[in-house]
Structures are given as structure tokens and as C-alpha cells.
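Below is one structure; the comments refer to it alone.
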Amino acid sequence: MKTAKRLELIPPYLFAEIGRKIRAKREQGVDVISLGIGDPDVPTPDEIIDEAVRDLRDANDPDRHRYGGDAPVPEYPQAVADYYQQRFGVALDPKTEVLTTIGSKDGIAHVPWAFIDAGDVALVPQPGYPVYNIGTLFAGGESYLMPLRPDNGWLPDLEAIPSDIARRARLMWLNYPNNPTAATATLEFFQQAVDFAREHDILLCHDAPYAEIAYDGYRAPSILQAEGAKDVAIEFNSLSKHFNMTGWRIGMAVGNKEAVAALGLVKENCDSGVLRAIQFAGAKALRDLPNYGEKISREVYKPRLDMVVSTLNKIGWDLKPPQATFYIWAPVPDGFDGSSARFAEHLLETAGVVVTPGRSYGEAGEGFFRISLTYPEARLREAMQRIEQALR
Ligand SMILES: *Cc1c(COP(=O)(O)O)cnc(C)c1O
């Protein structure tokens, strides 16, 4: 059977080898601790679950089992608009400037279908979430990689983008607070990006799933707070990380009307929306738990973050704790030729701990590795003790 050439565009999975080694270790009976995946371990808050169960059982709602796209719940886009107003001071029309998505990945993967023709360019940060690049390639476009570097605070250098590339570009991706680097961006930087997008007639796509996972009073801005942003920008946001709802699949695309409509048209032809009970539950989360992200950051992630950073600093790193996200992004120590894969394999061999090699987020991630804090305190503590012993 012949598969489409499109599948050959997906970059090879560089760490298949590590995956094999993890399985082999587990088969040998080694208790491998993975710190590799960013998926909250704490359950969804009860209020949200109760709302969904009530809606599923609500015999007065004759549409509760139906296609959520044909029977949308207006409370959800209204709750999104209210959240943007209260949290960011950004006014959104829930009918034309808010689109319900099946998690943000859905919107991210599909927006290139609405804006990229063969030969068009998307400006894609690297290291970064792989879907920005792969969504572009699937739509027949080309990615121009914008390297993120520590000496620039992991922000892309917009002035370094060649003018012929800027001319062919239709989309630009940004993601702050950032996965994998945990970097944050200021509203001033967002303003520069908006001005750049206006100048070059580019749709600016900002991916903001970590906006509420933040520490010590830090409040991440929305790109829609920049002046003129709604003329050129769309922001992808999600309940996944804010409310521990990754499996529920509900998110939002907000901002520029034309982009919202164009993405909506693509999606109408790909999916049939989100289950109504989940839309109601999403509205409930946004409306009634506005401080949940702040609370889980402070009570759950912050103690874990401090423990990981202090352990690594005790054994030779010099890390500043990040202001946001549930990731620690750290340089590979001496002795591994800067190879994140070799370091990750070494940790697996000597400590039975899995970290994500930076190289898996693209070449620009080489020399770094990522630890996710979405593992129970005790497991994370044990992992850090093992790393300390192995590397001391
Ligand atoms: C987790 C994540 C997403 C996707 O989240 P959804 O569950 O699809 O909402 C998107 N972008 C980044 C950078 C992420 O880390």
C-alpha cells in the first residue's frame, strides 16, 4: 500500500532509539521515571466534572448527544469573551471573534489550510511545538525557521528575517509563555511582532496555552493587548493546561474576524465540533474558576519547580527559576559534547530517568534538555535524587 508523500514530510522521530531503550529497561524491571511529557497529573477540578456530568444527564436538553458544531453552546464563546475582557482588558465579539476548537492543537494544525498555498512561507520558531511546522508542510507550504537563542531571551530576531522571506510569508507563529524554553515575552515584544505582521501583511498566530501557569505574581500578556493586534493576529488558547483538561479537548481561537471565519470554514469541513457537555463545562471553568491557574501554579507546580531548580543548582547548574509554564529548560552539562541525546541516554542508563532532549524541538534546541513538572511530587523528588546521585 502506498501512503501519500505528505507523510514523508514529517521529520524523522530522532529519539525512537531512546524510546526503545526505555522499553527495554522497563522489561528488565527497571522503574523508569519519565519527566518527558507535559500533561497535568492533577485531576480536573470537581466543579468542572460535575457540570459535564449534569449536562450529559440533562434530559431537558434534547441536543445533548448531538454534534456540538451544529448545536453550539453560546455560553462557551461568551465565557471566552468575558475571560479575555476581565483578564486582559480585550473586548471580543463572541459571535465573530471567538471560535471553539478541539483543544488548541486543532486550531494550530488547521490554520495553515486557510492561509497557506503551495510555496507560501510560515515563519516558525525553533525550538518549538512541532505542529507549527508540520501543519505548514501538510498544507503544501514551507517553514522558515526563526531560531530562538538564550542571548535574545529565547525571542526570535524579527530584523534577521530576510525581506524576500517576509514577502512570501503568510503566517508567523509565536508561543509565550514558551514550550519548551519556559521563556516569557513582554507586551512591547508583542507590539513589535504586530507591527511587523502589519507591515508585511502576515497573519500573526500566537499560541498561549500557558498564559495562566505562572509564578510569583507574573501575569502573561495576550498578544491581543498590542495596539492594532486584531487587524492581524489570532490567539490560540486552551483549557488543557489551565484546568488540567488535556483529554477533554476544548480550546479557542480568538482575534481577527477574517482569520476566525476562515479557520471556522476549514474546521466545518473536518470535524463536527465539541460535545455540548464539554462546552458547558468549559464555560463553567472560565466563568467560575478564574483563579484556578494561579492556584495550581502556586500550590502544585511552584514547590516542584523550586525543588528541581535547587537540586540542579546544587550539582552545578546555574538556573534562574522560570516565571511561567511547567517546564524547566536547562543546558546539557559538560562531558556530552553538547549532545542532548547523549545526555538523555546517560540519565536513562545511570538514573533510570527520562528527560526530553532539546534536539527533539529542532536543531536550535540542541544543547538543552527539558524537564516537565507534571509528575507527582514524590516521583519527581525521587527522580531528582537519582539524578543528583548519578551526576555528582
Ligand atoms: C500543550 C500545548 C498545546 C496543545 O494543547 P491542547 O491540548 O491541544 O489545547 C499547544 N501548544 C503548546 C506549545 C503546547 O505545549
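Just a few scattered comments:
- None of Ile234, Ile296, Ile278, Ile223 is closer than 15 Å to Pro40 by Cβ and in contact (Cβ under 8 Å) with a residue 12 or more places away in the chain except Ile296.
- In the condition set (1) closer than 21 Å to Pro130 by Cα; (2) of a type in the set (A, V, I, L, M); (3) open to solvent by less than 30 Å² (accessible area, probe 1.4 Å), Leu9 is compliant with all but (3).
Residues checked against (1) in contact with a helix residue (DSSP H, G or I) (Cβ under 9 Å, 6 or more places away or on another chain); (2) not in a helix (DSSP H, G or I):
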| site | (1), (2) |
| --- | --- |
| Arg298 | no, no |
| Arg304 | yes, no |
| Asp337 | no, yes |
| Ala344 | yes, no |
| Arg359 | yes, no |
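- Pairs linking a residue in the range 178-206 that is farther than 20 Å from Ala253 by Cβ to a residue that is away from the ligand (no atom under 16 Å from the Cβ) and of a type in the set (Lys, Arg), with Cβ atoms under 9 Å and 6 or more positions apart or on different chains, are His200/Arg167.
- Which listed residue, of Asp39, Asp50, is in a loop (DSSP other than H, G, I, E, B) and either under 30 Å from His346 (Cα atoms) or without any contact (Cβ under 8 Å) to a residue 12 or more places away in the chain (or both): Asp39
- Residue in the range 76-90 that is more than 30 Å from Ile371 (Cα to Cα) and among the β-branched types (Val, Ile, Thr) present: yes
- So Thr325, is it under 26 Å from the mean Cα position of the chain (by Cα), open to solvent by less than 40 Å² (accessible area, probe 1.4 Å) and either closer than 20 Å to Ala16 by Cβ or of a type in the set (Lys, Arg) (or both): no
- Residues of the range 13-53 that turn out to be loosely packed, with under 14 Cβ neighbours inside 10 Å and among the basic types (Lys, Arg), as a count: 3
- Residue list for the range 20-36, filter: assigned to a loop (DSSP other than H, G, I, E, B) and away from the ligand (no atom under 16 Å from the Cβ): Gln28, Gly29, Val30, Asp31, Val32
- Residues of the range 230-255 that turn out to be open to solvent by 10 Å² or more (accessible area, probe 1.4 Å) and more than 14 Å from the ligand (Cβ to nearest atom), as a count: 3
- Breaking point among (1) among the hydrophobic types (A, V, I, L, M, F, W, C); (2) in contact with a Leu (Cβ under 9 Å, 6 or more places away or on another chain); (3) closer than 27 Å to Ile213 by Cβ, for Val42: (2)
The values are calculated or read from the model by the stated rules, or taken from the named source; none is laboratory data. Just so you know, these numbers come straight off a predicted model, no measurement behind them. Glycine gets a Cβ as well: all are built from the backbone with ideal geometry, and neighbour counts include every protein chain shown. Surface areas here come from the heavy atoms of the whole protein model, side chains and all, with no ligands, DNA or RNA. Shrake-Rupley method; radii C 1.70, N 1.55, O 1.52, S 1.80 Å.
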